[in-house]
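Only one structure is covered here, and it is reproduced in the block below.
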Amino acid sequence: MEKQRVLVTGGHGFLGTHVCNRLRKCPWVREVLTPGSSECDLRKEEDVRRMYAVQKPDSVIHLAAVVGGIGANRAHPGRFFYENLLMGLHAMHQAYSHGVKKFVCIGTICAYPKFTPVPFREDDLWNGYPEETNAPYGIAKKALLVQAQAYRMEYGFNAIYLLPVNLYGPGDNFDPETSHVIPAMIRKFAEAKESGSPTVTLWGDGTPTREFLYVEDAAEGIVLATEKYDAPEPVNLGTGQEISMKDLAALIAREVGYVGEIVWDTSKPNGQPRRCLDVRRAREQFGFRAAMPFEEGIRKTVAWFLEHHTGVLQA
Ligand SMILES: NC(=O)c1ccc[n+]([C@@H]2O[C@H](COP(=O)([O-])OP(=O)(O)OC[C@H]3O[C@@H](n4cnc5c(N)ncnc54)[C@H](OP(=O)(O)O)[C@@H]3O)[C@@H](O)[C@H]2O)c1
């Protein structure tokens, strides 16, 4: 592979930071370009056109998105649909127009149908409507898979599409309004421990299962695919292991040192009943295998939170 200028949209975000760190260690990477939203608002086609004209990347990894947990998805279905679709459309179309050699689009597990047989196989992606609470986000992202395949068919554009499962790890978003389930639980248990609260209330009934990928593993998978994978079929990125919300809550409470009671608020939605990926394609096509054991990953994430958010807890 020739030495490349790689542009990462969303390069200052949670996943983006880890992807850029990993890219900087690759011998085939000459420069990592990370224009932020203040320099280039990807919702504006003119900004995107200017960004490619000035930066002249060889490859693009498109990570920029508006994301969040069930609460944020329910509060902003319109914004999540419109902005994610628009950003992806412009980022991919202008990359093609500017002669970018490879475009790596990051999708989401939220694109899968609500009742996908477990483990989720990439071939089942179109066999039903996604879980309602995250469908606008998931479908906006899934439309970008169609764009990638259509541009490959019509223009021979090398766009690939990856589907990471739920991510977690150091640097995650711990804002209670927009965080995903693991940082949300870590924060709740840490605050309850700090204040001596006898109970912690969590959403749903605790039965849904989820799969989680440590963010550094996700970065490794994305960089491997950027280097080695050039086919139209989407590829799952995950561990292939699921855990119930009840077991997850117990694990996080233990790691945080919270000893009170966990109460499940069944008036709140569960989200998708089960999530667990078939991860064979990533292994076969570009040799990706997640490395971080889950308990160790949780321990590192809790440690990162306690180190960086002590002010929040004491406030
Ligand atoms: N987190 C997960 O569990 C997960 C799971 C599966 C897939 N993904 C996907 O992974 C990607 C990264 O997610 P993340 O969790 O790292 O999100 P994040 O931390 O919120 O980062 C999102 C990034 O998007 C950029 N962005 C948002 N609006 C923009 C705009 N209008 N113009 C330009 N840039 C904009 C932000 O840039 P600035 O910082 O410069 O504003 C930010 O760096 C997303 O595509 C997401 O769908 C995430």
Placing unit charges on C-beta atoms (Lys and Arg positive, Asp and Glu negative, everything else neutral), compute the dipole magnitude of the chain about its Cα centre in debye, rounded to 20. 540
In whole Hz, the Karplus estimates of ³J(HN,Hα) for segment 190-202 (6.51, -1.76, 1.60; θ = phi - 60°; x where Gly or Pro) are 5, 5, 5, 5, 4, 8, x, 5, x, 9, 10, 9, 10
Among 305, 26, 64, flag the residue with its Cα farthest along the positive direction of the charge dipole of the chain, charges on Cβ as +1 for Lys/Arg and -1 for Asp/Glu. 26
Around residue 42, what is the net charge, scoring Lys/Arg as +1 and Asp/Glu as -1 over all other residues with Cβ under 15 Å from its Cβ? 0
Summed over the other residues with a beta carbon less than 14 angstrom from that of residue 246, with K and R at +1 and D and E at -1, the charge totals -2
Taking the DSSP beta bridges in the chain as the whole, what percent of them are antiparallel, to the nearest 5? 10
Computed [θ] at 222 nm, deg cm²/dmol, the chain (DSSP H ≥ 4; -39,500 (n - 2.57); rounded to nearest 500): -13500 deg cm²/dmol
Sum up the charges of everything whose Cβ sits under 12 Å from the Cβ of residue 33, counting Lys and Arg as +1 and Asp and Glu as -1, but leave residue 33 out. +1
Using the Cα gyration tensor of segment 1-88, with a ≥ b ≥ c the square roots of its eigenvalues, what is the shape: rounded (a/c below 1.5), prolate (a/b larger than b/c) or oblate (neither)? oblate
Kindly rank 106-116, 17-27 from highest to lowest mean number of other beta carbons found within 10 Å of each residue. 106-116, 17-27
Taking every DSSP beta bridge that has both residues in segment 1-148, what percent is antiparallel when rounded to the nearest 5? 10
What FRET efficiency would be calculated for the residue pair residue 299, residue 177, taking the C-beta separation as r and a Förster radius of 25 Å, to the nearest 0.05? 0.45
Report, please, the projected area of the chain averaged over directions, based on the convex hull of its C-alpha atoms, in nm². 15.6
Could you give the nm distance between label points at residue 280 and residue 56, where each point is 7 Å from its Cα heading toward the beta carbon? 4.5
Explain nothing, just the number: dipole magnitude of segment 76-229 about its Cα centre with +1 on each Lys and Arg Cβ and -1 on each Asp and Glu Cβ, in debye rounded to the nearest 20. 360
If the reach is capped at under 28 angstrom between alpha carbons, list the lysines near residue 142, excluding any in the same chain fewer than eight residues apart. 44, 56, 101, 102, 114, 228, 268
Once you keep just the Cα pairs under 8 angstrom separated by 6 or more residues, what percentage relative contact order results for the chain? 18
Got a sec? Charge dipole of the chain, +1 on Cβ for Lys and Arg, -1 for Asp and Glu; which of 203, 293, 133 is way out at the positive end? 293
Spelling it out for residue 237: with amide H atoms placed in the peptide plane at 1.01 Å from N, the residues 5 or more places away or on another chain with amide H under 5 Å from its amide H are 163, 165
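Only the coordinates and a few stated rules stand behind these numbers; no lab work does. These figures come from a predicted structure and were not determined experimentally. Every residue, glycine as well, gets a Cβ built from its backbone with ideal geometry; the counts of neighbours run over all protein chains shown.
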